[in-house]
Amino acid sequence: MSDKDQLNFGVDAETGSEQEGYVKQQKRQIGTFSAFFLIFNRMVGTGIFATPSAILSLSGSVGLALFIWVAGMIIAAAGMAVYLEFGTGLPKNGGEKNYLEFVYRRPKYLATGVYTGYVILLGWAGSNSIVFGEYILNAAQVEVSRWNQRGVGLACITSAFLIHAFALKWGLRLQNLLGVIKLIIILIIVVSGWAALGGALKIEKPHNFDNAFEGTTGSAYGVVTSLYNVIWSYIGYSNANYALSETRNPVRTLKRAAPTALITVAVLYMLVNIAYFAAVPKEEIIGSGRILAASFFRNVFGSRAERALSVFVALSAWGNVLSVIFSQGRLVQELGREGILPLSRFWASNKPFNAPAAGLFEHWLVSVIIMLAPPPGDAYNFVLNVISYPLAVVNVFVAAGLLHLYYRPHDYGWKPPFRASWPVALFFLLSNVYLVVAPFVPPTDGQNVYKSLPYYLHCVVGIAILAGGGVYYIIWAQLLPRLGGYELVRDTVISDIDGWERNVFSRRK
């Protein structure tokens, strides 16, 4: 679908009714501004506030840590280009699910089944809810324990679920507002970092840049785990792809919003890292854990500012949770709308407030379980890695699928309005292959990211989640049809109400 087609979407092609076309456009509530903040809020959650400490600890030096941030930025840029091509070529809700189904057509419906497990069993919103609790308690000067931290985190994710389930427009407005607040916080850190470089500090200048590569370790486990932390901070460049059916002029909007958001975030991330290293001694960074931003504010502005800015960082985490649950709830809804899930009508419903409350609830429930289950100290890192690892596996197949389309475009009729190019797709593929394989290399002493869990646990759990989708495929697409004497048939339909195009699975005797 071309930009021109998208611009003319306001008139119904079949009936020529401007009124019907207007109604369909009214169902598309996301413009360029909201699409930008859908991406920005998803990327800038707590990663830049919570992960630099672990990255420095694993890499061993300031210089290597900054190089790892640059490497993660390049991988994210390649991923954004790949998803931008798929999003403009298939501009509808669903994200990776659409792309995998479009390319991988044999075995029939296997991609659908595996991706269903990936969507249903991962709780993306859990980790940032944990950090929200940690920063709120730090601001209140309350000692952080396992349950008070997660209790506050539970309030965070529950409020995000309720807002998006019962007040869709206000949820989008709140996301945008928190995105603006988040942007202001980051700009404060950046400007304060420039002042710290000039010596405006409450402590002695740390001189972290004098010998930037001192202490470099460079082990395979340390580098790849650091890269996971950076990539986690960039997850979200594809967030607008999940809601393209609800986006006005989706091709044009995505081509504007995605690159603008990624470039903005990449520049800010590098400047924030430089600010941290300018104001906080290396040993304090490593010991600060996930409240590094609080240490930065204390060293630059004093203890009162530390408490106030901790509240704003918590609001940043809340904005990310709102953005995550918004998109993930719609993925669950799409699976219901297509008849893939049991009780599909329930999951597909937009009742009673024109929002996918059931899909949002499913993601809330899984996120809460994943958030509460791990032992103290390991919860955040485990949730982060158990989400990032399956995503790397999915990205391997997404990138390989795009390369396949380049090799055989005529077989698929592939003529998208944007091209990532095969070198970019190949680089994204190889990067994710490395991220899939390298975590199985045992860490050197002291570099296990967990305190009491095996270093490979997130890999095993991530593979089990994808395997769970494979098991669901066997039951849903193989076993039940044979027992019930029917076959699954997939048709493409366009809704008369909102103009959304989607696949629908039905049973045929």
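The values are calculated or read from the model by the stated rules, or taken from the named source; none is laboratory data. As the structure is a prediction and not an experimental result, all values here were calculated from the model. FYI the Cβ positions are ideal-geometry reconstructions off the backbone, even for glycines, and counts take in every protein chain you see. Only protein heavy atoms, including side chains, enter the accessible area calculation; ligands, DNA and RNA are left aside. Shrake-Rupley method; radii C 1.70, N 1.55, O 1.52, S 1.80 Å.
Just checking, does the range 61-83 include any residue being at pLDDT 80 or above and in a loop (DSSP other than H, G, I, E, B)? Within the range 61-83 (the criterion being at pLDDT 80 or above and in a loop (DSSP other than H, G, I, E, B)), the answer is yes, since at least one residue qualifies.
Here's the yes/no breakdown for (1) within 28 Å of ILE136 (Cβ to Cβ); (2) in contact with a helix residue (DSSP H, G or I) (Cβ under 8 Å, 6 or more places away or on another chain); (3) surrounded by fewer than 24 Cβ atoms within 10 Å (Cβ to Cβ):
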| position | (1), (2), (3) |
| --- | --- |
| PHE312 | yes, yes, yes |
| GLY319 | yes, yes, no |
| SER323 | yes, yes, no |
| ILE340 | no, yes, no |
| ASN354 | no, yes, yes |
| PRO416 | no, yes, yes |
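Exactly one residue out of ASN128, ASN138, ASN211 is loosely packed, with under 15 Cβ neighbours inside 10 Å and either at pLDDT 75 or above or not in a helix (DSSP H, G or I) (or both), and it is ASN211.
Any idea which of LYS182, LYS169, LYS202 is closer than 30 Å to LYS282 by Cα, in contact (Cβ under 8 Å) with a residue 12 or more places away in the chain and either surrounded by fewer than 19 Cβ atoms within 10 Å (Cβ to Cβ) or touching a Pro at 6+ places or on another chain (Cβ under 9 Å) (or both)? Working first, answer last.
Details: LYS182 fails: either surrounded by fewer than 19 Cβ atoms within 10 Å (Cβ to Cβ) or touching a Pro at 6+ places or on another chain (Cβ under 9 Å) (or both); LYS169 fails: closer than 30 Å to LYS282 by Cα.
Only one candidate qualifies: LYS202.
Give the residues of the range 457-475 that are touching a helix residue (DSSP H, G or I) at 6+ places or on another chain (Cβ under 6 Å) and either under 21 Å from LEU110 (Cβ atoms) or open to solvent by 30 Å² or more (accessible area, probe 1.4 Å) (or both), sorted by residue number. If the condition is that a residue be touching a helix residue (DSSP H, G or I) at 6+ places or on another chain (Cβ under 6 Å) and either under 21 Å from LEU110 (Cβ atoms) or open to solvent by 30 Å² or more (accessible area, probe 1.4 Å) (or both), then VAL461, GLY462, ILE465, LEU466, GLY468, GLY469, GLY470, TYR472, TYR473 are the ones that fit.
Within the set ARG307, ARG337, ARG345, the sole residue that is over 24 Å from VAL493 (Cβ atoms) and among the charged types (D, E, K, R) turns out to be ARG307. Filter the range 61-83 down to the residues that are open to solvent by less than 20 Å² (accessible area, probe 1.4 Å) and small (Gly, Ala, Ser), then identify the one that is nearest to PRO259 (Cα to Cα). Within the range 61-83, the match that is nearest to PRO259 (Cα to Cα) is ALA81. Going through (1) at pLDDT 80 or above; (2) out of contact with any Ser or Thr (no Cβ under 9 Å at 6 or more places or on another chain); (3) surrounded by fewer than 23 Cβ atoms within 10 Å (Cβ to Cβ) one by one, VAL368 falls short only on (2).
Would you check if ALA155 is among the aliphatic types (A, V, I, L, M), open to solvent by 40 Å² or more (accessible area, probe 1.4 Å) and under 21 Å from VAL368 (Cβ atoms)?
Values: among the aliphatic types (A, V, I, L, M): yes; open to solvent by 40 Å² or more (accessible area, probe 1.4 Å): yes; under 21 Å from VAL368 (Cβ atoms): yes.
Taking the combined requirement at face value, the residue satisfies it.
SER421 meets each of the listed conditions (1) closer than 29 Å to SER57 by Cα; (2) touching a residue at least 24 places away in the same chain (Cβ under 8 Å); (3) surrounded by fewer than 18 Cβ atoms within 10 Å (Cβ to Cβ) apart from (1). In the set (1) more than 20 Å from MET43 (Cβ to Cβ); (2) modelled with pLDDT under 80, the condition left unmet by ALA278 is number (2). The condition of being farther than 30 Å from SER344 by Cβ, of a type outside the set (Phe, Trp, Tyr) and touching a residue at least 12 places away in the same chain (Cβ under 8 Å) holds for only one of LEU402, LEU429, that being LEU429. ASN385 meets the stated requirement of being in contact (Cβ under 8 Å) with a residue 40 or more places away in the chain, touching a Cys at 6+ places or on another chain (Cβ under 9 Å), part of a helix (DSSP H, G or I) and buried (at least 22 other Cβ atoms within 10 Å of the Cβ).
Quick one: is TYR242 buried (at least 24 other Cβ atoms within 10 Å of the Cβ), at pLDDT below 85, assigned to a helix (DSSP H, G or I) and of a type in the set (Phe, Trp, Tyr)? Taking the combined requirement at face value, the residue satisfies it.
The set of residues in the range 252-261 being surrounded by fewer than 24 Cβ atoms within 10 Å (Cβ to Cβ) and not hydroxyl-bearing (Ser, Thr, Tyr) consists of ARG252, LYS255, ARG256, PRO259.
Residues that are assigned to a loop (DSSP other than H, G, I, E, B) and in contact with a Gly (Cβ under 7 Å, 6 or more places away or on another chain) within the range 177-208 comprise LYS202, LYS205, listed in sequence order. The residue that is surrounded by the most Cβ atoms within 10 Å (Cβ to Cβ), counting only those in the range 141-150 that are assigned to a helix (DSSP H, G or I) and touching a helix residue (DSSP H, G or I) at 6+ places or on another chain (Cβ under 7 Å), is GLN149. Of all residue pairs spaced 6 or more apart or on separate chains, those with beta-carbon atoms under 7 Å, a first member in the range 94-111 that is closer than 16 Å to LEU466 by Cα and open to solvent by 20 Å² or more (accessible area, probe 1.4 Å) and a second member that is of a type outside the set (Phe, Trp, Tyr) and not in a helix (DSSP H, G or I) are TYR109/LEU488. So, SER344, is that one free of Cβ contacts under 8 Å to residues at least 12 places away in the same chain and of a type in the set (Ser, Thr, Tyr) or not? Yes.
For the range 266-298, the set of residues classified as part of a helix (DSSP H, G or I) and not hydrophobic (A, V, I, L, M, F, W, C) consists of TYR269, ASN273, TYR276, LYS282, GLU283, GLU284, GLY287, SER288, GLY289, ARG290, SER295, ARG298, listed by residue number.
In the range 15-60, which residue that is hydroxyl-bearing (Ser, Thr, Tyr), open to solvent by 10 Å² or more (accessible area, probe 1.4 Å) and modelled with pLDDT of 75 or more is farthest from SER327 (Cα to Cα)? Applying the filter and picking the extreme gives SER57. Among the residues examined, ILE285 does not qualify as touching a strand residue (DSSP E or B) at 6+ places or on another chain (Cβ under 8 Å), crowded, with 24+ Cβ neighbours inside 10 Å and not charged (D, E, K, R). Have a look at THR264, THR216 and point out the one that is open to solvent by 10 Å² or more (accessible area, probe 1.4 Å), closer than 28 Å to ALA438 by Cβ and of a type in the set (S, T, N, Q). Only one candidate qualifies: THR216.
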